[in-house]
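Take a look at the structure set out below.
Nothing in this text is a laboratory measurement; each read-out follows from the coordinates by a stated rule. Everything numeric in this text was worked out from a predicted model, so none of it was measured. Ideal geometry is used to build each Cβ from the backbone, glycine not excepted, and the neighbour counts take in all protein chains shown.
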Amino acid sequence: MFRRTRRLALISALAATAVILSACSGAPDQEPSNSPSAPDPDATLHVGLVLEPTNLDIRHTSGAALEQILIDNIYEGLVTRTQENEIEGRLASDYEVSSDGLTYTFTLEDGIVFHDGTPLTSADVVSSYETVRTDATVQGNAEFAAVASITAPDATTVEIVLSEPNQNFLFALTGPAGLVFKTGDTTDLKTAENGTGPFTLTRWNKGSTITFARNDAYWGEKAGVAQVEFQYIPDFTAGVNAAIAGDVDVLTAVDPNLAPQLEDSGEFDLTKGRTTDKATLAFNNKKAPLDDVRVREALRLAIDHEALIEAVGAGTPLYGPIPELDPGYEDLSDVISYDPEKAKDLLAEAGQEDLELTLTIPSFYGTTVPKVLISDFAKVGVTLDVDSVEFAAWLEDVYTNHDYDLSFVLHVEPRDFGNFANPDYYFGYDNAEVQDLYAKALEEVDPDKSAELLAQAARIVSEEHAADWLYNGETITAVSPIVTGFPEDSINSRINLAGVTVSAEK
């Protein structure tokens, strides 16, 4: 039986210790004027974001723009995940998983109330999760396919029984599928909310800003700022200008090419955060000549990944389908290297010396990656044409109809290795051993053994060159010195702001 317990007092103490140690680690002669003053509990945190939600109904609308600001801040689930993608309790003070991996038992924290003042009970959890299980229009419905029953033995206990073990089920509960809503709530979730989180929604000026206020009735530790204002600035240059002008305290998703402007201003500290973004060069494994493993390997050998990352401006090398933040990650740099001469030999062996291919790419990704690929492929005799299309066209042609040679997109979802175990996915990769290993990994109750099985499968996928992973994305965030505690990793998928504070002045 696996057991996890959340102890808020200990976490708070450790957090406080971390702040103290951080403060003590600076240079002893640092001028006091350069240090932020004490946190201002009445402060407003101004955060610049790129992608604005189309509506706020996280139950029926997918997309990182919603999860990024709503999960943990407005809505909460029984469990959540840290920046490192580790699972921890949230509404559940304690949870247990039976030794056979079928029964999950959660104990609720005390004193949880919805924003309208209604106490949360286990009945709200049951009704929320039954909706996910039975309504195909609700986000996470597919992730509840193996759920056999959801019951509430008492007002503070929830029991979920699966029909078969699923190593990813608990992780699924950290996303939209696991959020808890009030039973029978009539709130219009497209424009309003009734969550349990440390913030409430106060205002949405569509096309401009979304504002949260501290929930002073929050059941847990209160948020460190009185308000958070998200400013949506889709143009990267405009975002930098807004930051330099002092309109935002934090600017996320900084364009690497514009980062020096913020650094040179002296008004911001720049952080690089890890993500599960996999910059994937997809090969159509079912279409000649890409159904020939020699051709796929040759294309990977032709790419100077280090130079490409330098051109992009942010990222780390990734030689397989699982990034560092996901279970099963292994450094697979031994599988592939930059070797144009070997690439030429393989293409000649495959009878493809004068190969012509088309790269289909959504237009919003720009031209940096295509330019590098055109140059690298030309050095080994491959002509690459680029078809830059609207995202709707990419979804239709590539994702749905599988009508493409090569494609490039950022696959941002965590724990999505299953795409390579699905022969019907647009990659067209079909390997029975990989499918078997993935199925066993999901069924394996021990997370370490499950990760080992995933690593085995990932190595096969890379050795068969089912795709190329150009890089593992990084996010650059500009943070004013008056801001403390702003997350660094995984903020493209969620930004937990409860622990962030703002000082009155530098």
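Give me ARG203, ARG81 ranked fewest to most by other Cβ atoms within 10 Å of their Cβ, as a rough exposure proxy.
Listing ARG203, ARG81 from fewest to most nearby Cβ atoms yields ARG203, ARG81.
Can you list the lysines whose alpha carbon is less than 29 Å from that of LYS449, not counting same-chain residues fewer than 8 positions off?
By straight Cα distance, LYS449 reaches LYS278, LYS440.
State the answer as a single residue: which of ALA350, GLY197, PRO256 lies farthest towards the positive end of the charge dipole of the chain, with beta carbon charges of +1 for Lys and Arg and -1 for Asp and Glu, about the Cα centre.
GLY197
What list of ³J(HN,Hα) values in whole Hz, one per residue of segment 222-235 in order, does the Karplus curve 6.51 cos²θ - 1.76 cosθ + 1.60 (θ = phi - 60°) give from phi, with Gly and Pro shown as x?
Coupling constants for segment 222-235: 5, 5, x, 10, 6, 9, 10, 10, 8, 9, 9, 10, x, 8 Hz.
Could you name the aspartates and glutamates whose alpha carbon sits less than 12 Å from that of LYS379, not counting residues in the same chain fewer than 8 places away?
Candidates past the 8-residue exclusion: ASP304, ASP339, GLU341, GLU353, ASP354.
Express as a percent, rounded to the nearest 5, the fraction of DSSP beta bridges in the chain (both residues included) that run antiparallel.
75
May I ask you to compute the full-extension gain from ALA123 to LYS190, defined as 0.36 nm times their residue separation minus their alpha-carbon distance, rounded to one decimal in nm?
21.7 nm
Under a Cβ-only charge scheme (Lys and Arg +1, Asp and Glu -1), can you give me the dipole magnitude of segment 338-490 about the Cα centre, in debye to the nearest 20?
Its charge dipole is roughly 480 debye.
Residue farthest toward the positive end of the dipole of the chain, with Cβ of Lys/Arg at +1 and Asp/Glu at -1: which of VAL225, THR237, PHE391?
VAL225
Could you list which residues have their amide H under 5 Å from that of VAL409, counting only those 5 or more apart in sequence or on another chain, with H placed in the peptide plane?
THR280, ALA282
Quick one: check the C-alpha center-to-center distance for segment 87-103 versus segment 273-298, whole angstrom.
37
Farthest toward the dipole's positive end in segment 105-208, which of THR186, THR134, GLN167, given Cβ charges of +1 (Lys, Arg) and -1 (Asp, Glu) about the Cα centre?
About the Cα centre, the residue reaching furthest to the positive side is THR186.
For the peptides 382-392, 317-327, 300-310, what is the packing order when you average, over each peptide's residues, the other Cβ atoms within 10 Å and list the highest mean first?
Ranking the peptides 382-392, 317-327, 300-310 by packing returns 317-327, 300-310, 382-392.
What are the ³J(HN,Hα) couplings of segment 166-171, residue after residue, when phi is run through the Karplus curve with 6.51, -1.76, 1.60 and θ = phi - 60°? Round to Hz, x for glycine and proline.
8, 4, 8, 5, 4, 5
Express in nm, to one decimal, how much length is gained between ASN55 and ALA38 on full extension, taking 0.36 nm for each residue of separation and deducting their alpha carbon distance.
Here the segment from ASN55 to ALA38 would lengthen by 2.5 nm.
Which of the lysines could a cross-linker bridge to LYS272, judged by Cα under 28 Å and excluding same-chain residues fewer than eight apart?
LYS272 reaches LYS222, LYS371, LYS506.
What is the gain in length, in nm to one decimal, between ALA136 and SER98 on full extension, counting 0.36 nm per residue of separation less the C-alpha to C-alpha distance?
Computed gain between ALA136 and SER98 is 10.9 nm.
Ignoring everything except DSSP H segments at least 4 long, calculate the 222 nm mean residue ellipticity for the chain; use -39,500 (n - 2.57) per segment, divide by total residues, nearest 500.
Calculated mean residue ellipticity at 222 nm is -7500 deg cm²/dmol.
Please get the size of the charge dipole for the chain, origin at its Cα centre, with Cβ charges of +1 on Lys and Arg and -1 on Asp and Glu, quoted in debye to the nearest 20.
1060
I'd like the trypsin sites (Lys or Arg not before Pro) in segment 371-435 restricted to DSSP loop residues with at most 16 other Cβ atoms within 10 Å, sorted by number.
Here the trypsin sites (Lys or Arg not before Pro) that fit, given the DSSP loop and packing criteria, are LYS379.
Show the residues, 5+ positions off or on another chain, whose built amide H is closer than 5 Å to the amide H of SER93.
When sequence neighbours closer than 5 places are left aside, the close amide H contacts are THR107, LEU108, GLU109.
Residues with amide H under 5 Å of VAL500's amide H, sequence separation 5 or more or different chain, H placed in the peptide plane at 1.01 Å from N; which?
Hits under the 5 Å cutoff: GLY224.
Spelling out what I want: for every residue of segment 345-358, take phi, set θ = phi - 60°, compute 6.51 cos²θ - 1.76 cosθ + 1.60 (Karplus), and round to whole Hz; glycine and proline get x.
Along segment 345-358, the couplings run 4, 5, 5, 5, 4, 8, x, 10, 5, 10, 6, 10, 9, 10 Hz.
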